[in-house]
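Worksheet: the structure to be examined is printed underneath.
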Amino acid sequence: MSRFMYVLSFFLLLLFQILVSQSIALWGVVTPMAYILFILILPFQMPKWQVVVLGFVMGISVDLFTGIMGQHAAASLLIAFLRTIIVSVIPTNIKFEDHLRPILWDMHFVWYFQYVLYLTLIHHVTFFLLDSMSVINLFIILGISLLNTVFTVLLIFVFQVIFFKPSSRY
């Protein structure tokens, strides 16, 4: 993907989050956070500091438009920081070549599912712990995080199927 496509992805996912996802409130609890897909699709070869800066910029942008003070930024910053660690922890037979991107079509389904699930769960648990500012209702927070994770992962997979195509191999 070219830089232009990453910039376009940034703005389209930000707009989707602000205009569509924030309006969705299933059972008054579930709000999918599709904007984290931007952090997930950044190239493997990108330096960690750039991923962290872009994750923070995406998170603070969502915070500014939704009126939430720093929760999206903190959660996005955390998953941007942990992304390379999660990639190294997930077992795979795939050789991370220059042309591969962390998208569904370039990686095996099981690997990609684990990658998306772990980072989304970390993001949501962080977000909702910061939202409650307490661990008194820890099981409720974890339940809400899990429900939001399920719907966010489903939405990310829908986006992957509709908007992304495999990288050219050679």
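The values are calculated or read from the model by the stated rules, or taken from the named source; none is laboratory data. Since the structure is predicted, the reported quantities are computational estimates derived from the model, not experimental observations. Cβ placement follows ideal geometry from the backbone for every residue including glycine, while neighbour counts extend to all protein chains displayed. For accessibility, only protein heavy atoms count, side chains too; no ligands or nucleic acids. Shrake-Rupley method; radii C 1.70, N 1.55, O 1.52, S 1.80 Å.
For region 69-80, take each phi angle, set θ = phi - 60°, evaluate the Karplus expression 6.51 cos²θ - 1.76 cosθ + 1.60, and give the result in whole Hz per residue in order, putting x for glycine and proline.
Each residue of region 69-80 in turn: 9, x, 5, 5, 4, 5, 5, 5, 4, 5, 6, 5 Hz.
Taking 0.36 nm per intervening residue step and subtracting the Cα-Cα distance, what contour gain separates residue 162 from residue 89 on full extension?
23.5 nm
Which residue fluctuates most in the GNM of the chain (Cα springs below 10 Å): 120, 152, 92?
Checking each option, the largest mean-square fluctuation is seen for 92.
About its Cα centre, how strong a charge dipole does region 20-137 have in debye, to the nearest 20, once Lys and Arg get +1 and Asp and Glu get -1 at the Cβ? Intermediate values should be presented prior to the final figure.
On the way: 4 positive and 5 negative charges, 25 e Å.
Here region 20-137 has a charge dipole of around 120 debye.
What's the longest bit of the chain with no exposed trypsin sites (Lys or Arg not before Pro), using DSSP loop states and at most 15 other Cβ atoms within 10 Å as the test?
Counting at most 15 other Cβ atoms within 10 Å as exposed, the longest clean stretch of the chain is 1-94.
Roughly how much of residue 161 is accessible, in Å² to the nearest 10, using a 1.4 Å probe?
90
Of the candidates 147, 14, 64, which one comes out as most mobile in a Gaussian network treatment of the chain with C-alpha springs shorter than 10 Å?
In the Gaussian network model the winner is 64.
Per residue, how many Å² of accessible area does the chain show with a 1.4 Å probe?
On a per-residue basis, 54 Å².
Ranked from the most accessible area to the least, with a 1.4 Å probe and all protein chains present, what is the order of 46, 58?
I get 46, 58, largest accessible area first.
Determine the calculated [θ] at 222 nm for the chain from helices alone, applying -39500 (n - 2.57) to every DSSP H run no shorter than 4 residues and normalising by the residue count; nearest 500 deg cm²/dmol.
Result for the chain: -21500 deg cm²/dmol, rounded to the nearest 500.
Between residue 18 and residue 69, what is 0.36 nm times their sequence separation minus the Cα-Cα distance? Round to one decimal in nm.
16.9 nm
For the pair residue 134 and residue 45, how long in nm is the line joining their label points, each one 7 Å along Cα→Cβ?
Calculated label separation equals 5.0 nm.
Return the loop-located chymotrypsin sites (Phe, Trp or Tyr not before Pro) in region 23-55 (DSSP other than H, G, I, E, B) with at most 16 other Cβ atoms within 10 Å of their own Cβ; answer none if there are none.
For chymotrypsin sites (Phe, Trp or Tyr not before Pro) across region 23-55 that sit outside H, G, I, E and B with at most 16 neighbouring Cβ atoms in 10 Å, the list reads 27, 44.
Which value results for Rg/Rh of region 1-54 when Rg is the Cα radius of gyration and Rh the Kirkwood radius based on the inverse mean 1/r?
When Rh is taken as the Kirkwood radius, the ratio is 1.07.
Of 131, 63, which has the most accessible area with a 1.4 Å probe, and how do the rest follow in descending order?
Of 131, 63, the descending order of accessible area is 131, 63.
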